[in-house]
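K.L.:
A single structure is presented below for examination.
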Amino acid sequence: MEWHTAVVSPRGVWWKPAGRQERLWIMIAFAWCMVLFAMMPFWHLKGGQNPSGIRSRVETKAFAVRVERFIQDYQVGEEAGIPVVAPPPGSDVYLQATMWAWKPVLQLEEGASYVLHISSLDVNHGFSLYPANINFQIVPGYDYGLEITPNSVGEYKILCNEFCGINHHQMLGKVIVVPPGTTAGAVGGER
């Protein structure tokens, strides 16, 4: 085995034109890249992925004030020290992410429409609603508004799927979907 530096040209025929089969595979790979590139805008407009929603810039302090006002207006109980809120159908619903916590616990009615506003107050977080397949990234300084209509009664976990620090694994939130007309506070305890 002969050793040499990178200054010396390697042995072989690397400088000769590509053969017929190699050119064919390069053309196939290029054509496939163009298909995938063309699919990106098409899939965004016609695909069945999560909706993009409504995004707007927001000061983190202003969003925290909105969340606190939302909690004061609709709190029906408390669960492990986190307020449980039951907003009326058709209202704006606020959820904030901070390192290792989602606030508040949401109690929503099945079949009712809401606009869910989510933002982070500190670092990037990932929003994943389990077992439903809803995932997106939450960035500080942006209010993500999603039009939602819960369609199944039950408890849904909110997981952070973007590493946010040492206690990232404990960052769990909850959405409770109740049957239509359920009285406020029936699930979250008393105020």
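Rule-based calculations on the coordinates, nothing more; no lab input. Note that this is a predicted model, so its numbers are computed, not measured. Note that we place each Cβ from the backbone using ideal geometry, even for glycine, and neighbour counts take in every protein chain shown.
K.L.:
Sequence neighbours fewer than 8 away in the same chain don't count; with that in mind, list the lysines whose C-alpha is under 30 Å from K103.
P.N.:
Partners within reach: K61, K157, K174.
K.L.:
Shifting gears a bit: Let me check I've understood the local charge: for I134, count other residues with C-beta under 13 angstrom from its C-beta, Lys and Arg +1, Asp and Glu -1. What total comes out?
P.N.:
It works out to a net charge of 0.
K.L.:
What is the helix-to-structure angle for 60-74, meaning the angle in degrees between its Cα long axis and the longest Cα principal axis of the chain, kept from 0 to 90 and rounded to the nearest 10?
P.N.:
The two axes meet at around 40 degrees.
K.L.:
Something else now. Below 8 Å, C-alpha to C-alpha, sequence gap of six or more: please give me the relative contact order for the chain in percent.
P.N.:
It rounds to 21 percent for the chain.
K.L.:
What is the Å³ per residue value for the convex hull set by the Cα atoms of the chain?
P.N.:
Value for the chain: 223 Å³ per residue.
K.L.:
Moving on to the next point. Suppose the chain between M99 and H168 were pulled fully straight at 0.36 nm per residue; how much longer would it get relative to their current alpha carbon spacing?
P.N.:
24.1 nm
K.L.:
Angle check, please: helix 20-46 long axis (alpha carbons) against the longest principal axis of the chain (alpha carbons), in degrees 0 to 90, nearest 10.
P.N.:
That helix lies at roughly 20 degrees to the long axis.
K.L.:
Shifting gears a bit: Fewest first, what order do H125, H169 take by the number of other Cβ atoms within 10 Å?
P.N.:
H169, H125
K.L.:
Next question, about the same structure. Order by neighbour count: F163, F63, fewest other Cβ atoms within 10 Å first, most last.
P.N.:
F163, F63
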